[in-house]
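Have a look at the structure below before the remarks.
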């Protein structure tokens, strides 16, 4: 589905695409803890990207379902190792403040900033 550079205009799960874009954008900058939740925002992002969006496997399978381009899939793939490094360093029960204080956090932010550009490039300007 969709070759390199081709943009899919109709996604099977457009709301998941929107969640992924928001999650990647959140990783690219500091964020506040989730109010009224026992889970950190980082852990929510990790679960969405690593498990639901197939970052742990091959995100290209998401093109047409919840990703518009193979460039978006490649951008998600670049988050695999940095996401895992933060979880490995902080564990699954840390707070957002702890995660953001880890040495492994900066490489994740840098990867997310690059990924944000891929998502921006696949979204037509209005």
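Structure above, values below:
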{"quantity": "Length added when fully stretched, residue 77-residue 117, from 0.36 nm per residue minus Cα-Cα", "calculated": "13.0 nm"}
{"quantity": "Rounded FRET efficiency, nearest 0.05, which uses the C-beta distance separating residue 12 from residue 106 and R0 of 22 Å", "calculated": "0.05"}
{"quantity": "Distance cut-off 18 Å, percentage of C-alpha pairs in the stretch 14-121 lying past it", "calculated": "41"}
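Every number here is computed from the coordinates shown, using simple stated rules; none is lab data. These numbers were taken from a predicted model, which means no experiment stands behind them. Note that we place each Cβ from the backbone using ideal geometry, even for glycine, and neighbour counts take in every protein chain shown.
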